[in-house]
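Single-structure report; data block below.
The values are calculated or read from the model by the stated rules, or taken from the named source; none is laboratory data. Just so it is clear, the structure is predicted and the values come from calculations on it, not from any experiment. Here Cβ is always computed from backbone atoms with ideal geometry, including for glycine, and neighbour counts include all displayed protein chains. The protein model used for the area step is the full one, side chains on, heavy atoms only, and it has no ligands, DNA or RNA in it. Shrake-Rupley method; radii C 1.70, N 1.55, O 1.52, S 1.80 Å.
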Amino acid sequence: MSKRAAALLIVSSAVLSWLGTPASARTEAGTARGVVLIGIPGLRWADVRQDRSPHLLGLVDRSATGGMSARTIGRFTCPADGWVTISSGARAATGPLCGRPPQLTPSGRGVVVADFPSIRRYNTDLGFPSQLGLLGDTLHRAGRCVTAVGPNAALAAADAAGRVDYYSATADSPQRGLFSRCPVTIAALDDLATVRGTRRAEVVRQIDTTVGSILARIPAGTTILVAGVGDERRYARLRVALAAGDGTAGRYLGSDSTRRSDLVILPDVTATILATMGIPAPDGLVGTPWRTGAHRPGPAAAIRHLVGQARAPEVLRPVGHDFYHWFMISQLLVYALAMAALWRRGRFLLLIKPVALAAAAFPVSVFLVNLLPWPTAAHPARTVFAGIAAFDLLLVVIALSGPWRRHPLGPGPVVAAVSAVVLAADQLTGCTLQVNSFMGYSPIGGFRYYGMGNIAFAVLTTSTLLAACGLVHWLRANGLPRTGLVSVVTISLVAAALDGWTGWGSDFGGMIAFIPGLAVTILLVAGRRVSVIKLGLLGTAAGTIVLGVAFLDHLRPPDQQSHLGRFFGDLLAGRGMPVVGRKATAMLNSFGNPELTPVAVAALLFLVVVLAQPWNPRAPLRLAFQQVPLLRAGLAGALVTALLGTVVNDSGVSILALGLTVTVPITLAVCAHALQSRTAAPGAHPVFMDGAFSAPQVQSVRSAGPS
């Protein structure tokens, strides 16, 4: 049975990956006469208003509009970092060049960027061997020239040798045909990036005047792109993205990099310029072309929507540390209270189950709160915290209210099932619950814009395995043992597809960790032994499957690949090791997290020392295994997944901490129920912590007679 399941998983993953490109990813090349990119680092949609920027506001009326994440490598994007990212079509940084203009050497009617060799070395040393000059080289190979307007624009327009075809220091230059000399013109208006305080409105007006002058000089039929290509004052926010051309009016602006109809990323600018000119995407290009999304309301309403879109991550960012601080304290309190209740016994056992279920339901409650319109509330931070508490309480009530409440493997798997179903549904409906979530990902964070985040992966996979074992137990109790095994295989395969398929979760490391975990659960449910050799073979099979999925994704055109296909391409080109090294370093550094590392350590210690007690034949976990043997299958698979996920993902300890946050409290709830049942049995001698403390306690256990 296990071999069939593994074969089915391989075939399913490969087929789903090959079929998994969303229809929107198949973008046709454009045929515009030319492209003018106006880059305004620091520009926010809140700046686009009649009294400050009438020219930009007028352009909105005939444009597609969206928010843009300008994240590159650091926590914020200085203008120079943004411009070299456009040059590379992938995240890049300038290091010491941030905050000062580049060194330009005149060369004919153009210039040469003297800083290119040092910028290239800086990125290579960081482990980001971006192809500086990719945009310029690709345009030159297609026989097109580029004009740069402004010093920083030269960073984007230069080819790999640092050469810029035509250059003007300012947009106010009287040169004739400045914006029509070349098919591609890049203008940098960087004054807003250094503005502070009340001068912002004044500088926005000055920039808008320059924009009006540029618009008046652009030939008809030219596609106009406006992008906030960087941040101001070391503060990351969502920026403006605007495209005016054929068929753009009255639409939102999105891209396949984000799989959202109103959000794009900075490397998409490079892809958009090339696609608009009808030039195929080169290897190494990370971004995808901007595309018109859903119909939007009028300019005023659209801008209000985009301002609101930018508000949510700004609300969460300042309270994120407090959230994880209190999360750590609450988890430690749960384990401390559980130890005290197990020690005191009696009526205190009644407290363990609801407290444990509340701890296990907390992660999915953090996602469920995004069903509420908290970003538009009068006090959004208070609303989001109150909403999390309300959903958590609701799930505990559900778990303790149904007919399953009387069974040891009832309430816990119900919480797990709700967690798994919620995250599965979120994958199928666009990941709205993970975006702008404390445990999901933020558009300004730049780590993920779609698919399965690492914390969501930990919650989905551990919940799936525990819920599946609860279902199998119920089916066996009702005389359907074979149906139970088929169910756990089916549920696990669906969860694996949702996590790893490039059209949904697109989770590279998650597949490597989840396949061995689900296989362990399936083997134990089927009554088979799990050995070190089998675990090694399962890990090898998982890696093979993931590489197969990545290979199939790599066969697509570059602008249709996910990060799986691009990583496979990096491996073929010899650029894979810096990526692996970066992720390994991030994984190791994650163990310095002051909130999540204590949660993971406390959960593991509680599981081993308090519940398992390997030295104690009458430990709570042994008693739970006796009453519900299938708990062993779910627990083993969840632990394998959490531990492997920690090692193979750059989020490291966050996967372990959140996987255990679901697994250990549910195991605790089952143990508490089993202990209550034992205590209630006639003539029973409840023993919870015997053997863990002192010799007299061990002696009292031995005198109590056999269990």
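Worth pointing out:
- Taking a ≥ b ≥ c as the square roots of the eigenvalues of the alpha carbon gyration tensor, the stretch 21-168 is rounded, as a/c is under 1.5.
- Between 0 and 90 degrees, the angle of helix 380-399 with respect to the longest Cα principal axis of the chain falls at about 30 degrees.
- Solvent-accessible area per residue for the chain (1.4 angstrom probe, square angstrom): 40
- Relative contact order %, the chain, counting alpha carbon pairs below 8 Å whose residues are six or more apart: 16
- Whole-Hz couplings from phi, Karplus 6.51/-1.76/1.60, listed for the stretch 280-288; x for Gly and Pro: x, 5, x, 5, x, 7, 8, x, 10
- Rounded to the nearest 500, the 222 nm mean residue ellipticity of the chain from helices alone is -17500 deg cm²/dmol, with -39,500 (n - 2.57) taken per DSSP H run of at least 4 residues.
- Area accessible to solvent at Thr170, 1.4 Å probe radius, in Å²: 70
- P(r) tail fraction, the stretch 486-554 - alpha-carbon pairs more than 19 Å apart, %: 33
- Percent carbon-and-sulfur accessible area, the chain, ignoring ligands, DNA and RNA, probe 1.4 Å: 62
- Gyration tensor (alpha-carbon) shape descriptor, the stretch 123-267, a/c threshold 1.5: rounded
- Cysteine residues of the chain whose Cβ has no partner cysteine Cβ closer than 4.7 Å: Cys431, Cys469, Cys671.
- Dipole magnitude (debye, nearest 20) for the stretch 392-521, charges at Cβ of Lys, Arg, Asp, Glu: 400
- 0 to 90° range, to nearest 10: angle between helix 411-428 axis and the chain longest Cα axis: 20
- Placing dummy labels 7 Å off each Cα toward the beta-carbon, the span from Ala294 to Lys534 is 4.7 nm.
- If the convex hull is drawn through the Cα atoms of the chain, its volume per residue in Å³: 158
- Label point distance in nm, Asp51-Arg317, each placed 7 Å from Cα along Cα→Cβ: 2.5
- Difference of contour (0.36 nm per residue) and Cα-Cα distance, Thr490 to Asp172: 108.0 nm
- For the stretch 635-642, 3J(HN,Hα) per residue [Karplus equation, 6.51 cos²θ - 1.76 cosθ + 1.60, θ = phi - 60°, Hz, x = Gly/Pro]: 5, 5, x, 5, 5, 4, 5, 5
- Distance distribution note for the stretch 299-424: the fraction of Cα pairs above 18 angstrom is 62%.
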